[in-house]
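Data block below; observations after.
The values are calculated or read from the model by the stated rules, or taken from the named source; none is laboratory data. Being a predicted model, the structure only gives us computed values, none of them experimental. When we count neighbours, we look across all protein chains shown, and the Cβ atoms used for this are built from the backbone with ideal geometry, even at glycine.
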C-alpha cells in the first residue's frame, strides 16, 4: 500500500518512557556475563550480547532452519546465530515453497527476537498500572482465581482464546488442556479467517482445506482471484502466480478494490461488497447456457448439480448487474476464461469468508469448480490461501470450540477415542465437565466471547456467563464490535494475556479497569520448535533459533505449569517426557500421530519431517515431489492426509481428490461422509470412478471392521491390529490396520463418494443471495432478506433479520465500508508494529476514499477524518484519497491499535512495550454480523459516514 | 569481469517492500534512511506499476562527476561506493542523482555529521573487506562473501534482480520471450500508441 509518508525520525519515546535494551538490561538485572566477553564481539552485537550470551556459546556461529511466523505460505528462513543472538537472516533458495523469496514481513523476521518492545516479564494490573511480578506469583494467583471461579460458576465460565501462531504441538496441547479443564469454550484465529471455508469446503468435498498448492498454480491455465489480495496478504505466492501468468495463464481479479493483485491481472472486475453469490451464479448460468460444464465429471463424481442449475437460472446477466454492479460482458468474460482455459483455479480469502453468508459464498465457488470439473486436477482446485503461519494446523488439531483435534467432533465416540489416545479414563474427563450435555455441545466462538460476558445469563445456553478470558496469542482488535469488547473486558473477573507482545488487549483492559489483568510473556516461534502446517497442508519443522528472550517462556511450558497448578498436570503430560517443566515437543507430535487419523496427521513423525527439512533441495518446486535423495517420491512436508503410521511411508497427498494417482501414491476420491444415499439418490461415486489401481472400481463407503470382513480382507490384519480394529472404523482404529489394508487394495480409507452441491445441513442447502445486515441497497433487502434470528447458536442468541430490518442505515451511513490487510503488518499488528523495519513503512492508520466522495465531504488528501458507523462508534484516521476504491466504497486496514475513538491510549500499555506505530483499530467501529453456520464475523460489508475531523 | 547491475521487472514487482526491509536487516540501516524504496505509478488504476529503486550504480555516474571532495568511486565490478571519512555531507550528489539515491542521516552510526549514505550493492566501502569498521560505516560486504545484494535475493517475486548485467539480460530475455509482445506489457502503449488501454476510472 502506498501511504508511506515517512517521518525522518524514529518515533519519540512514548509516555511512560521506553527503555532501550541496554538500559533495560541494566535496570532489570537480567544481564548475565557481560563486559568481559563484550570486547570480543563484532561491534554491532555488543549491545545485544551483553544480556543474552550464554558464556559457552561465545564465538560460535550456528545456522538454524525455521519457518516465517506470518502468513500460511510457509517460507523457509535460515538464521545465523552467534553467541546466542540471531545476527543474520539468509534466504533459503532450497525451499520449494519460497525459493528464497520473502515479503516485507518475512524479510523483517530477525527483528522479532531483537525488538525491545516485547513484553519482558510477567506483569499485573494494580491500581491502573502494570507492575512486574514473578512467574511463580503470577501463575499462583491466576490459578487460584481460576479454581475459585470454577467452584463458583463451573468450568464453562472461563474462555480460552488460543492461537494460530502456536505450532501444531502447542495448539493441540491447548485443546487437550481445555478439554481436561472441562469446557469447549476455546477458539483461535481460524474462526474469524477461514472457518466458513473449512465448513463450506468440508461439507462439499470432504476435507476443509486448500485442495492444491501454491506450487501447483504453475500448472494452471486460468486463475480467478475473488476476495483475495494475494499481493499484499500472501506476497510470496505471487511468485508462482506471476510465473504461471508469464507462461500463458489468464488472470482475473474480482474485488471491490483495485488492489496490488488486480494491478497484475489481465482483468479487474469491481463488485459491490457482499454480492458474491449472484456473481458466481451469473458465471455458472453462462457456463450451463453454453454447455461448458464437465458433464462426465458431474455424472461420475457430483451430487445435486440439478438443484444448482435451477437456482442459477434466475441470475440472468441483467439481474446480476442490478445486484452486483458487474456488467454482463464481464460475467461472460469470467465464464469463458475459466471454461476455455482448463484446468482453471479459483483463489479466495477473507473477501469471500468474512460475511454473514460466508459459508454459502464458499460453497458457490466450490460448486463452480465442480461444474467445470476442476477439482482433483493439477492446475485446478480451490486454492484457499490461509492467513497465519499455522492456522491450518491449529484448525486441524488445535483449540476449536466444536471439535476435538482432527475434526472428530464432540460426540461421546470422539471423546472416547481421544481419551484412549491420552491414556485417560473417559469417565474422569466427563467428570471434569459441568455435564455430559455441555461436554458434547460446541462452545462459544472467539467472535462472540464478548456476548458470553454481556448477554443476560438466562439467554445463554450454558450455566454461567463468562467470567475469565485468556488471550493466548491472539489480538483483540481483529474482532469486531470494539465498543462492546471494552464493555465486556470491564465486566470480567480475570483477564490473562499470554503473548510475546502485551498487545492491544493490555491497553484496552487498562482503559476500562484498574486490576484483575495479568500479562505473561510468551516466547515467539523463533524461540521454540515444532511443526507448522502451511496452507497447502505441508508440515514443516521449525528449529529453535534462540533461547526465549527476556523472561519469556514457551507456550507449551506455560500450559504444563498452569495445568500443574490447576490439578491436571499429570494427566495433561502423561504420554510426554519432560525436560523440567517443558513437555518434549516430539512426544506431543507422536501423540497427534497416534490419534489424528481422520485427516492423516498420522504419518508425519518428527523424524520424517526433520528429514524433509534437511533435504529441501531434493524437492521439485513444480510438483513438490522429491526426486532422489532420502525422501525420494515423497511430497514436501508430507501434505495431509499422510495415511497410516510413519512406517507405512505414505508420501503425502499433494492434490486432494485426484483420482489419477493411487491412494498409496497420494491419490484420493471424494470422501464418503454423508451416508450412502440421500432422497433416493446415491451419494457414492459412479461405476468406473475410482482412484488409479483401486480394486473396487465403483463408489464405496468408509472402511470399518464390518466392511473389511465383508470384503474378506479382515484376515490381512495382524492379530494385534485385529484386536484394535474390532468394532472400529478407519478413523478410530488406532493401530492403523484398517487404513493399511484399505490402501493396500488401492482404496481410500474414507470411502469413495460424490461431492455435494446440496448441503442439507446448512441453512441454505443451495446457496442463495442474501443482502448484508447493513446493506447499501434497502430496495434489495426486501427481495433478498437475511436469515431469521437464532435463539441459541453456539450457545448464544444471534441476530439477523431484526438488525437488518431495524432501520434503513444507508440513509445516515451512505458509504459501504470494507476492511483488509496491508503487506507490512499482520493481524492485530502489535507484533509487526513493534518491528522497527516494518513500522517505518506504514506509520499511520488511514481510510481509502474515492476522490468524488472526498470532495463531497470537503476532505482533502491526508486530512484527518472521522469514520462513524451504525455501531455508535467513530474513529479518527487519515484520508487516503485514491481511485483504488470505487465511488461509494471506503476501505480500512485493520492492523492498528493504540488510539481509541480519537484518543491516544498509548499510556495504557505497560512501560517500554508500546509499538512504534499506533492508530485507530478499524474494528473499534465495526458492526454486528455473523455467518449462519460458523459464527464468522462480517468484516467485509458494512456502512459508515465520513466527515472531516 | 562481471559488471554489476540492478534490474527491476515492473511486470512482477508487487510493492511488497521485502527489498527495502531486507536492506535494513542486512545492513542495520536506521529509521529514516532508505537506501531502497518501492515507487508505485498510477496507483489504484489500470496501468498501475511498481518498481524498486536504489542507487543504480551508473557507469558514468553523475554523483562521481560532481562530488567536490571526490569521495565517490567505482569498483572494477561497476559498483559505485564512497568514502564516508572524506565525505563532507554537502548533498551535491543528491542534486546530481537521477534516482534520489543519496540519503542524509541526522545522527547515527551511518553518518554522525550528516554524511551521505546510499546503497552499496552490498559491497561495503573502502575499509578492509568484511571488517567491523566497514560494517559499521557501510553495512555488509556480501560481494566479498560471494553473495549478491540481499534485496534481490529476498525479492518475493524475483522482480528485483541483481548481478552481472549479462546474466540479468539473459533472464529478462527469457521472460520477455515467454510473455510475448502484448498490450498488457508496461511501455507497450507508450511505444505503440494507447489503443486498447483502459481509461482511468
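For this structure, a couple of remarks:
- Considering the range B:5-43, the residues that are without any contact (Cβ under 8 Å) to a residue 40 or more places away in the chain and at positive phi include one that is surrounded by the fewest Cβ atoms within 10 Å (Cβ to Cβ), namely B:15.
- Residues being in a loop (DSSP other than H, G, I, E, B) and surrounded by 15 or more Cβ atoms within 10 Å (Cβ to Cβ) - total across the range A:705-728: 4
So that you can scan it fast, the table gives a plain yes or no per residue for (1) modelled with pLDDT of 95 or more; (2) more than 14 Å from chain B (Cβ to nearest Cβ); (3) outside any loop (DSSP other than H, G, I, E, B); (4) over 17 Å from residue A:552 (Cα atoms):
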position	(1), (2), (3), (4)
A:50	no, yes, yes, yes
A:56	no, yes, yes, yes
A:65	yes, yes, yes, yes
A:70	yes, no, no, yes
A:77	yes, no, yes, yes
A:94	yes, no, no, yes
A:113	no, no, yes, no
A:130	yes, yes, yes, no
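- Given (1) in contact with a helix residue (DSSP H, G or I) (Cβ under 9 Å, 6 or more places away or on another chain); (2) within 14 Å of chain B (Cβ to nearest Cβ), number of the condition residue A:232 does not satisfy: (1)
For (1) more than 28 Å from the chain's Cα centre (by Cα); (2) at negative phi; (3) in a loop (DSSP other than H, G, I, E, B), each residue gets a yes or a no:
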position: A:731; (1), (2), (3): no, yes, yes
position: A:738; (1), (2), (3): yes, yes, no
position: A:748; (1), (2), (3): no, yes, yes
position: A:758; (1), (2), (3): no, yes, yes
position: A:768; (1), (2), (3): no, yes, yes
position: A:771; (1), (2), (3): no, yes, yes
position: A:776; (1), (2), (3): yes, yes, yes
position: A:785; (1), (2), (3): yes, yes, yes
position: A:806; (1), (2), (3): yes, yes, yes
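- Scanning the range B:1-22 for residues that are within 10 Å of the chain's Cα centre (by Cα) and more than 9 Å from chain A (Cβ to nearest Cβ) yields B:5, B:6, B:7, B:8.
- Scan of the range A:219-236 for residues that are in a helix (DSSP H, G or I) and either closer than 19 Å to residue B:40 by Cα or free of Cβ contacts under 8 Å to residues at least 12 places away in the same chain (or both), ordered by number: A:230, A:231, A:232, A:233
- Every pair of residues 6+ apart whose Cβ atoms lie under 8 Å, when the first sits in the range A:237-248 and is farther than 20 Å from residue A:349 by Cβ and at the interface with chain B (Cβ under 7 Å from one of its Cβ atoms) while the second is modelled with pLDDT under 95 and in a helix (DSSP H, G or I): A:246/B:175; A:246/B:178; A:246/B:179; A:247/B:178
- The range A:814-848, residues that are in contact with a strand residue (DSSP E or B) (Cβ under 7 Å, 6 or more places away or on another chain) and part of a loop (DSSP other than H, G, I, E, B): A:814, A:821, A:822, A:844, A:845
- Residues being touching a strand residue (DSSP E or B) at 6+ places or on another chain (Cβ under 8 Å), surrounded by 18 or more Cβ atoms within 10 Å (Cβ to Cβ) and within 22 Å of residue A:164 (Cα to Cα) - total across the range A:573-586: 2
- Of the helices (runs of 4 or more DSSP H) entirely within the range B:65-155, those holding at least 3 residues that are farther than 24 Å from residue B:21 by Cα occupy B:92-96.
- Picking from residues in the range B:142-182 that are within 10 Å of chain A (Cβ to nearest Cβ) and over 21 Å from residue B:52 (Cβ atoms), the one that is modelled with the lowest pLDDT is B:182.
- Residue count, the range B:44-63 (criterion: farther than 15 Å from residue B:94 by Cβ and either surrounded by fewer than 19 Cβ atoms within 10 Å (Cβ to Cβ) or more than 9 Å from every other protein chain (Cβ to nearest Cβ) (or both)): 9
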